[in-house]
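Only one structure is covered here, and it is reproduced in the block below.
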Amino acid sequence: MLEHPRDQRILNVPRVVAVLIVLLGLVHAFIFLMLTAEQLTEFLLLFAFIPARYDSSLTTDIVWPGGWGADVWTFVTYALIHGNLSHLIFNAVWLLAFGSPVARRFGPRRFLFFMALAAAAGAALHLATHFGELLPMIGASAAISGAMGAATRFAFQRGGLLALWRDPEAAHRVPAAPLMASLRDPRVLAFLLVWFGVNLLFGLGSIGMPGVEQAIAWQAHIGGFLFGLLAFAAFDPIPLAPPVPSAEHEEASSPGDQV
């Protein structure tokens, strides 16, 4: 009988991603199994992201629970809350798909910090486009969009996650291309076109997201994605790949042309 290594897991999921999914599940179970309708409202006021909280013209009429502390932590805590089980499962699947490669590359601590800031970036753009709105925003989609943006920076590299012939372990350590080089890659541009196009369709109401009955906070998705795409290098422990010389530069510096 063949013996498998002790550290080999049936599902090759980074532990930090598995812990995050379990945490999302526990929060969801607590909300819908332990809280009354009144307690749920208080919970959302305390931990969901509500743009109206930051509108000073409403402060004389509404007393927001949590004070200035909630003004800060709700930029992140809203990502732990989901509207129903379908919404939770949908986000968990995408977290597995895009969070796993980013977590392997960044490591647990950097990954958690990155996801928190991606959630905050999504909330910031949502606030800018929905200032004063009373409808709370919940869900991990903005943070997961950040992981999508980060994965875009290295998944399309030679030997990376999308290569046909690759070493599964080495694929997560392939040096990423500089940002401008990535934006010149036709595959990256095609992915960006599809990703932004789908989110614009969300915004126009042409398509919906499974498990989400209310309007989709597509601006938050864009905020998280742009953060992951643009801030990737600040979290990546692997040095960027050197820029590829242009054909003109290679011709000018070839040995036959040297004096």
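The values are calculated or read from the model by the stated rules, or taken from the named source; none is laboratory data. All figures in this text were calculated on a predicted structure; none of them were measured in a lab. For neighbour counting, all protein chains shown are included, and Cβ atoms are generated from backbone atoms with ideal geometry for every residue, glycine included. Side chains included, ligands, DNA and RNA excluded: accessible areas come from the protein's heavy atoms. Shrake-Rupley method; radii C 1.70, N 1.55, O 1.52, S 1.80 Å.
Here are the numbers for the structure shown:
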read-out	value
Condition met for L26 (at pLDDT 95 or above, of a type outside the set (D, E, K, R) and open to solvent by less than 80 Å² (accessible area, probe 1.4 Å))	no
Residue list for segment 157-188, restricted to those being hydrophobic (A, V, I, L, M, F, W, C) and either modelled with pLDDT under 85 or open to solvent by less than 30 Å² (accessible area, probe 1.4 Å) (or both)	L161, L162, A163, L164, W165, A170, A171, V174, A176, A177, V188
Residue check for P237: out of contact with any strand residue (DSSP E or B) (no Cβ under 7 Å at 6 or more places or on another chain), open to solvent by 20 Å² or more (accessible area, probe 1.4 Å), at pLDDT 90 or above and not in a helix (DSSP H, G or I)	yes
Test: residue in segment 73-83 that is open to solvent by 10 Å² or more (accessible area, probe 1.4 Å) and modelled with pLDDT under 95	yes
Qualifying residues in segment 46-59 (those that are open to solvent by 30 Å² or more (accessible area, probe 1.4 Å) and modelled with pLDDT of 95 or more) - the one farthest from A120 (Cα to Cα)	L46
Elements of type helices (runs of 4 or more DSSP H) in segment 50-114, at least 2 residues being without any contact (Cβ under 8 Å) to a residue 24 or more places away in the chain and more than 30 Å from V174 (Cβ to Cβ)	67-77
Which numbered condition P108 misses (of (1) open to solvent by 70 Å² or more (accessible area, probe 1.4 Å); (2) at positive phi)	(2)
Residue within segment 135-144 that is without any contact (Cβ under 8 Å) to a residue 60 or more places away in the chain and open to solvent by 60 Å² or more (accessible area, probe 1.4 Å) present	no
Yes/no for A147 being crowded, with 23+ Cβ neighbours inside 10 Å, closer than 21 Å to V188 by Cβ and under 15 Å from the mean Cα position of the chain (by Cα)	yes
